[in-house]
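Read the structure below first, then the notes.
The values are calculated or read from the model by the stated rules, or taken from the named source; none is laboratory data. The shown structure was predicted, so the numbers you read here are calculated from the model rather than taken from an experiment. Every residue, glycine as well, gets a Cβ built from its backbone with ideal geometry; the counts of neighbours run over all protein chains shown. Heavy atoms of the whole protein, side chains included, go into the accessibility calculation; ligands, DNA and RNA do not. Shrake-Rupley method; radii C 1.70, N 1.55, O 1.52, S 1.80 Å.
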Amino acid sequence: MKDLIIMYHYVMEPEHWKGSVPISPGEFRRQVEWAKEHYEIIHPENLHKHTTKPKCVLSFDDATKDQYTNAFQILKELEVPGYFTVMSGPLIEKKVPIFHLVHTVLSHFSDEEIWEEVSNRVDIDEIKNKSAIYSYETNEYRRFVKYLFNFYWSEEQSRPYLEEKVISIYTSLDMFIDKFYLSEKEILEMDAGGMSIGVHCVNHLPYEGSAQDFYDIEIRPCKKYLEKILNKEMKLYTPSFGGGEQSIQMQIELLPILKEQGFLLGFTTEKGFTDLREGFWHKRIDCNQLTINEVV
Ligand SMILES: [Zn+2]
């Protein structure tokens, strides 16, 4: 049996978070209890530790607040470590990536309400036709607004609209950042509480083909920030979007730079089991795609 790395994003009740697909705290607890029984849940840094069972890493992307209020508390109770990766842009530059604004807006407003607000500013027929790529979404308004924010509008067009909606709920963008992301204090507490902390990104950009530029813009500032607040070297890396469309190229081109900078392991969004002692990059399985009974 091979090692398993489970990928988590939001750990919260689905009815409270309609903008994406979270795992509920109850389901999360069941999954971790199952993993604890069948695997040895380890810190990724301890990849060479001798274990009788195969190893498991619980990995969390994006460092949203629910990972402190829900996931961290459950992991402490169950006495197992998690691996949390930080996006430093919102904390340092006060800039929120578009996809988090979209998740937030879709969680607080109905799709129909948003569509009514924007439909006089768009080519309705074009969006209706092209949004068919989201055929798995049963609500047609959800298809329209997803196509609008992900493809039809540029970031420059989407950002002012989305920020205004978010501010209408949270008073200001700063307030939103305080409520939505882990604070420095929480990161310190999680580190002191036995969790592993790693680098995710600065502004959650996909890889675009220049390894050194990507390292300097998206990785180095986040690594430096975490090393400064935690007073230790950061050795774990999880690229945003797994690198994006050029993920394979990214894995090859970025590897020598990451190794030179002291990184030990990297985690992708490719689906599968892995052997933690072999190679740098490791596949993960999304918590919502992990069928517990199948794996056992
Ligand atoms: Zn991410």
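Tabulated results
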{"item": "GNM flexibility winner over the chain from 204, 50, 282 (Cα, springs under 10 Å)", "result": "50"}
{"item": "Note, ³J(HN,Hα) from phi for the range 128-135, Karplus 6.51, -1.76, 1.60, rounded to Hz, x at Gly and Pro", "result": "4, 5, 6, 6, 4, 4, 9, 4"}
{"item": "Amide hydrogen neighbours beyond the local backbone of residue 286, cut-off 5 Å, H modeled", "result": "7"}
{"item": "Per residue accessible area of the chain, 1.4 Å probe, in Å²", "result": "47"}
{"item": "Under 5 Å, built H, 5+ apart or other chain: amide partners of residue 236", "result": "199, 264"}
{"item": "Accessible surface of residue 283 - all protein chains present, 1.4 Å probe, nearest 10 Å²", "result": "80"}
{"item": "Length-normalised contact order for the range 98-176 - Cα pairs under 8 Å, 6+ apart - percent", "result": "36"}
{"item": "Highest-MSF residue in the chain out of 135, 20, 240 [GNM, Cα springs under 10 Å]", "result": "135"}
{"item": "Ranked by how many other beta carbons lie within 10 Å on average, peptides 9-16, 207-214 from highest", "result": "9-16, 207-214"}
{"item": "Heavy atoms of residue 275 accessible to a 1.4 Å probe, total area in Å² rounded to 10", "result": "40"}
{"item": "Interchain or long-range residues, amide H under 5 Å from residue 55's placed H", "result": "3, 4, 40"}
{"item": "Pairs of lysines in the range 1-56 (C-alpha under 19 Å apart; 8 or more residues apart or interchain)", "result": "7"}
{"item": "Apportionment of accessible area to carbon and sulfur, the chain, percent (1.4 Å)", "result": "49"}
{"item": "Where Cα atoms sit under 21 Å apart: lysine pairs in the range 92-250 separated by 8 or more or lying on different chains", "result": "25"}
{"item": "At 0.692 mPa s and 37 °C, Stokes D of the chain from Kirkwood alpha-carbon radius, µm² per second", "result": "163"}
{"item": "Stokes-Einstein D (µm²/s) once Rh is taken as the Kirkwood radius of the range 20-74 over alpha-carbon pairs, at 10 °C in 1.306 mPa s", "result": "127"}
{"item": "Size of electric dipole in the range 53-142: Cβ of Lys, Arg +1 and of Asp, Glu -1, about Cα centre, debye, nearest 20", "result": "640"}
{"item": "Radius of gyration and Dmax over the Cα atoms of the range 10-120, both given in Å", "result": "17.5, 62"}
{"item": "Diffusion coefficient, µm² s⁻¹, Stokes-Einstein with Kirkwood Rh over alpha-carbon pairs of the range 80-210 at 37 °C and 0.692 mPa s", "result": "197"}
{"item": "Candidates 187, 127, 23: whichever shows maximal mean-square fluctuation once the chain is modelled as a Gaussian network with Cα springs under 10 Å", "result": "127"}
